[in-house]
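Rule-based calculations on the coordinates, nothing more; no lab input. Quantities reported herein were computed from a predicted structural model and do not represent experimental measurements. Using ideal geometry, Cβ is built from the backbone for each residue, glycine included, and neighbour counts are taken over all protein chains shown.
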Amino acid sequence: MKYLVMIQGNQAAHEAMTGKPSPGYPAWNEQDMQAMFSHMGALNDDLAESGELVDGNGLAEPAETRHVLAGKDGKPVITDGPYGETKEVLAGYWVLDCASLERVTEIAARAAACPVPEGTLCSPIVIRPIMEAPEA
C-alpha cells in the first residue's frame, strides 16, 4: 500500500534554519544543518535500497506559498502565504510503498528522530494512506 508521509513545519522553523531565531525555534548552525541532512540522507538511502521510496522532497519556505481558490464570479482568487492563522504547513514529504501501517509508522518515527537544535519545538509527522482507484 502507498502512503503519504508529511513533515509539518512553519515559517518560524524555516527561518530558524536560516539563522533567524524566534521563541521555540533557536537558530540552526552549519553543524545542525549537516546533522539534519545526514540523518535524512541516510533515511532516504535506506528507503531507496528497500524499494519503499516512491518519491520525496523538502518544500520551499511557507512565505513562497500561493493559494488559489475559485472565486464567486468564476475567476480564481490568488493569495500569497503564509497566513497568521496558519500554524503548520507541509514542509516535506515522502510517498512510500510499504507492506503495512506499522512499517510506515516505524519510518515516520525514524524521521521524527532527526536531530534539531536543543529547545526546538517538535513538528508532527502525518501519515495518510493513498487511496487506490477502483479496478474497472
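Tell me whether the stretch 37-79 comes out rounded, prolate or oblate; compute the Cα gyration tensor, take square roots of the eigenvalues as a ≥ b ≥ c, and use a/c under 1.5 as the rounded threshold. Verdict is oblate for the stretch 37-79. I'd like to know which of Leu47, Gln31, Ile127 lies farthest towards the positive end of the charge dipole of the chain, counting +1 on Cβ of Lys and Arg and -1 on Cβ of Asp and Glu. Of Leu47, Gln31, Ile127, it is Ile127.
In the chain, the DSSP-assigned H stretches of four residues or longer account for a calculated mean residue ellipticity at 222 nm of -9500 deg cm²/dmol, using -39500 (n - 2.57) per stretch and the full residue count as denominator. For the chain, the fraction of C-alpha pairs more than 22 angstrom apart is 47%. Rounded to the nearest 20, the size of the Cβ-charge dipole of the chain about its Cα centre is 480 debye, with Lys and Arg at +1 and Asp and Glu at -1.
Taking the average, over residues, of other Cβ atoms within 10 Å as the packing measure, peptides 108-121, 59-72 rank 108-121, 59-72 from highest down.
Non-local lysine pairs in the chain, meaning eight or more places apart or on different chains, with alpha-carbon distances under 29 Å, amount to 4.
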